[in-house]
Amino acid sequence: MAYSDTVMDHFENPRNVGKIEDADGIGEVGNARCGDIMKMYLKIDNDVVTDVKFNTFGCGAAIATSSMATELIKGKTIEEVLTLTNKAVVEALDGLPPVKIHCSVLAEEAVKSALVDYYKRSGRQMPKALQDFKIDEDAHDS
């Protein structure tokens, strides 16, 4: 299974690793079958993601997709973050082997789960895109 140089870089030098103690939103998703668990922490100010950190327990692709997802959303508005897809994460990483696509799905879901938590904590009206958000268990069966 060959990984792109970008995947290897984000695995060997992951960006935004850690925990935000006073996070505005925290999302955790996992796949019990393969053992990947991702936790995303968001700091949001005036509807902009001003900081994002992650902790991931899993394979190299899980770490790389978490790292890339944080890079793709940092400094973006919530509206922009809501458009993040697992396909965008895969493209930004210059591809993933088919058996590792579920890692990119987890990364997208971790971000959206943290946004759901943010809206619940803040008491604000959740955007329609998040009202319909459900974790896709079938995507994690790879």
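Values as computed for the structure displayed
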{"quantity": "Search result, residues across the range 44-56 that are touching a Lys or Arg at 6+ places or on another chain (Cβ under 9 Å) and either modelled with pLDDT under 95 or within 17 Å of L84 (Cα to Cα) (or both)", "calculated": "V48, V49, T50, D51, V52, K53, F54"}
{"quantity": "Check on D36, charged (D, E, K, R) and modelled with pLDDT of 95 or more", "calculated": "no"}
{"quantity": "Whichever residue in the range 81-100 is over 14 Å from the mean Cα position of the chain (by Cα) and among the aliphatic types (A, V, I, L, M) and, among such residues, is farthest from M8 (Cα to Cα)", "calculated": "V99"}
{"quantity": "Breaking point among (1) assigned to a strand (DSSP E or B); (2) surrounded by fewer than 21 Cβ atoms within 10 Å (Cβ to Cβ); (3) at pLDDT 95 or above, for K19", "calculated": "(1)"}
{"quantity": "Among (1) surrounded by 19 or more Cβ atoms within 10 Å (Cβ to Cβ); (2) not in a strand (DSSP E or B), the one test that M1 misses", "calculated": "(1)"}
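The values are calculated or read from the model by the stated rules, or taken from the named source; none is laboratory data. Since the structure is predicted, the reported quantities are computational estimates derived from the model, not experimental observations. Methodologically, a virtual Cβ is constructed for each residue, glycine included, from the backbone with ideal geometry; neighbour enumeration extends over all protein chains shown.
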